[in-house]
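Structure first, then comments.
The values are calculated or read from the model by the stated rules, or taken from the named source; none is laboratory data. Nothing here was measured: the structure is a model prediction, and the numbers come from that model. Reconstructed Cβ throughout: ideal geometry from the backbone, glycine too, with neighbour counts over all protein chains shown. Note: accessible area is taken over every heavy atom of the protein model, side chains too, but ligands, DNA and RNA are not part of it. Shrake-Rupley method; radii C 1.70, N 1.55, O 1.52, S 1.80 Å.
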Amino acid sequence: MSLLFDKLYIILPSNSTDNFPIVVNQQMGEYALQYNKSQDIQELQNFMDIHSNYYLVSDSLSSNDTKDMTDYMGQHGANIGIAVDEFSQKKFVGVFVVSSIFFSMLAAHMQISNKLVYITIIAMPLAAQEKFGLLQTFTLMITMSFSFIIFSPQGYFFQFAKARIEGRKDVVAFAGLSKLNWHVTWNFLTGMLIFAQYMILLIIGAIFGARFCSITSWLAYIPTLLLVSFQVSLICDILQNFCNTMENYEQLFGTFSSLFFLLPALAGGFFIDRIPKLLLAFLSIIPSFALMNSISVGFNIGYFNTSISEGFMSGNYILLQLVLQIVYIALLVYIALLLDKSLMKSTSKIQPTNVTEPPTEKQKQSSVYGFGVEKMITHAHDAYINIDIKETDNKKMLHGDYQEIDYAPQTYTNGSQGVLIYNVSKDYKSKKQVIHANKNVNLLINNNEIFGVLGPNGSGKTTLCKAVMMAQTIDSGDIVVNGLSIRSDFKEVQKKIGICLQNDAGLFEELTVTEHLQFYKAICTNPSEIDFLAQFQLEEHKDKRAKELSGGWKRRLSVACALQNNPDILILDEITSGVDAVAREELWKLLKEICRDKTIIATTHTLHEAQTYFDRVAFIMNGQIVCCGKVDDITNLYKNKICLEVRGLLPKSFFQEMKELGIIVEDNQVVGQRIQMLEAQCQDNVEVLFQHLNEYQEHKIIESFSITQRQFDQVFYELIRVCE
Ligand SMILES: Nc1ncnc2c1ncn2[C@@H]1O[C@H](COP(=O)(O)OP(=O)(O)OP(=O)(O)O)[C@@H](O)[C@H]1O
């Protein structure tokens with residue numbers, strides 16, 4: 001024994017083989033170091049001088065006797081043991097054996113981060129140092145860390161997470177995914193990604209010939225790692241319900257993992273010798289403990305030749321742990337589904353609520369208020385009553401008192417296609433107020449029809465769209481899509497719907513056009529055959545990210561994504577807002593062509609668009625349908641009414657003259673004495689009005705006049721006026 005070790009050498013008692021506090025199936029880490037340069041010896045000496053209280057040195061044990069070394073360490077309460085094979089001024093060959101605390105801390109460290117860099121810290125030194133020196137190991141670790149980042153499947157996986165976190169319910173609808181589908185897909189992708197990362201490390205370890213990476217050790221690692229991967233992904237899934245942005249989520253995950261992964265792991269690391277093995281198995285609800293336990297078993301099998309049965313059963317109860325992990329996973333799945341409010345089954349009452357207000361005097365006098373509404377209600381009620389009712393409870397539900405139901409009639413007998421919105425009411429309740437966003441809405445939308453829902457801001461259009469796609473529960477009523485009720489067949493219904501919500505909510509800023517189409521195609525359940533890149537003339541923009549597209553092209557991409565799942569019903573919520581007239585026309589032309597066999601429900605603020613492209617429309621004011629029917633029928637209500645803007649001031653005699661000719665002209669507004677806004681009610685003699693105005697213009701009494709409002713616009717303004 002050299003001078004170096006003389007002062008450190010502890011004479012170990014001979015024949016002391018029983019009652020070791022640290023036994024072979026504890027956490028073990030083993031560092032084999034081979035120094036063959038003089039300066040390394042110096043470093044080693046420095047290290048030992050500093051840490052002289054913490055280790056034992058033995059020159060009677062070699063690197064093949066690590067088991068015995070740990071036994072000696074156990075006896076003396078040391079954390080580091082050094083078994084010396086050879087020592088000279090130039091060369092040290094030996095093995096460092098590190099006891100549980102240090103290794104557990106490393107394991108804990110891994111848990112705080114989802115990033116592979118940390119995972120490499122654990123396995124790589126152990127595996128690589130067996131073969132190479134310290135420097136090579138370090139280089140290898142750095143290289144590995146970078147390769148992991150490069151190989152991480154950022155694209156779909158990341159967008160998937162983002163969609164979940166940002167509550168992109170429309171993505172679920174785009175893709176026709178059910179809530180279960182959505183979670184299973186996300187967790188499968190995430191879990192397998194984490195597992196793949198663990199596997200890469202195991203394989204590398206095996207290639208380097210690390211003993212703890214032997215195939216028998218894998219028996220301990222692989223099932224645990226697989227289950228741990230899903231435990232972690234499900235915990236992420238649950239946490240996502242409490243975050244709105246990725247940053248938010250990363251912060252929450254960091255805090256959560258420190259509290260629930262790192263702290264227990266650190267505590268476990270310090271007290272692992274004293275934690276009963278059975279308790280450790282039960283603690284596997286915390287992934288750190290499950291990992292520690294399996295790594296411990298793997299080490300024992302690989303390094304210390306513990307038999308598999310001993311390692312699994314009596315030693316660390318690994319089989320029990322695996323069963324418990326499966327139970328925990330089932331529990332986490334249940335919690336994840338329970339917490340996710342993205343798609344909700346409605347169990348509301350069927351009968352109308354009492355929120356509808358009776359018409360005021362002003363509304364009664366209006367020729368447009370209430371137009372077509374009674375007829376629509378009757379049609380919707382008849383259709384709903386005629387649904388093939390099989391269950392007696394459903395009969396009670398329709399004819400009896402209010403009653404909660406969980407299922408609904410399966411099919412219409414009378415027209416099973418299209419969308420039937422029956423008595424739908426929705427309130428938003430806050431501490432301060434209750435907003436009745438939809439009040440007993442009844443609409444029967446025919447198959448292959450383009451149906452418009454029009455109304456001012458905040459009138460309840462989006463709420464209605466969300467109710468149809470089930471992103472919003474309803475307080476009363478039912479929605480039946482192609483014969484299937486959202487109350488009973490919501491999963492089936494949802495597959496039939498594609499939606500574009502406002503502000504291109506389904507797009508991801510960082511994804512390119514091609515990536516969007518690929519992403520939606522990859523997750524949808526009923527992929528369309530159509531080449532949307534070509535159909536929507538998106539080729540020249542295919543490599544642009546969504547954030548680089550102009551508003552019009554974004555809208556096109558949103559619609560293309562919504563159509564990827566080949567939906568029967570397409571819901572378009574203000575898809576042309578911010579789109580110029582030419583682009584708007586192009587988009588509608590395209591939609592009419594592609595969606596010939598689809599039913600479209602669209603909302604818009606552009607009345608001209610509604611008039612030109614929609615077959616029927618319903619006006620919604622304060623949550624209530626106040627006028628509905630074919631666009632032409634509604635326009636005809638105002639056939640003889642026109643609005644004019646006159647520059648200059650018409651004399652009173654003009655109004656009298658017109659009255660005598662049977663034309664009622666009302667002067668609604670005088671703007672700065674120079675502009676008059678006229679509303680004229682003619683019979684079939686509108687040209688008489690124009691003749692007179694021309695004469696006034698020729699005599700320079702007025703400067704000019706022009707028609708300001710189309711008839712359809714007037715309907716809208718009149719409705720707003722009487723509903724104020
Ligand atoms: N999540 C919510 N919580 C509380 N109130 C809401 C919520 N969503 C909508 N509202 C309220 O419900 C009413 C109807 O809103 P909705 O978004 O359906 O109207 P809209 O007709 O689509 O409006 P816009 O044309 O501006 O998009 C509004 O008064 C709105 O403030």
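Observations on the structure shown:
- Enumeration of residues in region 449-465 that are of a type outside the set (D, E, K, R) and more than 6 Å from the ligand (Cβ to nearest atom): I450, F451, G452, V453, L454, P456, L464, C465
- Single residue of region 320-351 satisfying the filter (modelled with pLDDT of 75 or more and open to solvent by 80 Å² or more (accessible area, probe 1.4 Å)) that is farthest from T473 (Cα to Cα): V323
- Lone unmet requirement of (1) part of a helix (DSSP H, G or I); (2) out of contact with any His (no Cβ under 9 Å at 6 or more places or on another chain); (3) open to solvent by 10 Å² or more (accessible area, probe 1.4 Å) for E609: (3)
- When region 174-193 is limited to residues that are at pLDDT 75 or above and touching a Pro at 6+ places or on another chain (Cβ under 9 Å), the one that is most open to solvent (accessible area, probe 1.4 Å) turns out to be L189.
- Taking region 612-621 as the range and being within 14 Å of the ligand (Cβ to nearest atom) and either of a type in the set (F, W, Y) or part of a loop (DSSP other than H, G, I, E, B) (or both) as the test, only F619 passes.
- Condition broken by V480, with the remaining ones in (1) within 16 Å of the ligand (Cβ to nearest atom); (2) surrounded by 23 or more Cβ atoms within 10 Å (Cβ to Cβ) satisfied: (1)
- Residue ID - modelled with the highest pLDDT, chosen from residues in region 428-448 that are over 23 Å from T599 (Cα atoms) and more than 10 Å from the ligand (Cβ to nearest atom): K439
- Boolean, Q624 is within 15 Å of the ligand (Cβ to nearest atom), more than 30 Å from the chain's Cα centre (by Cα) and open to solvent by 10 Å² or more (accessible area, probe 1.4 Å): yes
- Subset of region 194-208 (residues that are touching a helix residue (DSSP H, G or I) at 6+ places or on another chain (Cβ under 8 Å), at pLDDT below 80 and either outside any loop (DSSP other than H, G, I, E, B) or open to solvent by 40 Å² or more (accessible area, probe 1.4 Å) (or both)): I194, Q197, Y198, I200, L201, L202, I204, G205, A206
- Candidates S425, S416: the one that is away from the ligand (no atom under 12 Å from the Cβ), open to solvent by less than 60 Å² (accessible area, probe 1.4 Å), modelled with pLDDT of 90 or more and under 22 Å from I350 (Cα atoms) is S425.
- Wholly enclosed helices (runs of 4 or more DSSP H) of region 421-539 bearing at least 1 residues touching a residue at least 12 places away in the same chain (Cβ under 8 Å) and touching a Pro at 6+ places or on another chain (Cβ under 6 Å): 513-523
- For region 587-605, a residue qualifies if it is touching an Asp or Glu at 6+ places or on another chain (Cβ under 9 Å), open to solvent by 40 Å² or more (accessible area, probe 1.4 Å) and either part of a helix (DSSP H, G or I) or within 16 Å of the ligand (Cβ to nearest atom) (or both), and exactly one does: H605.
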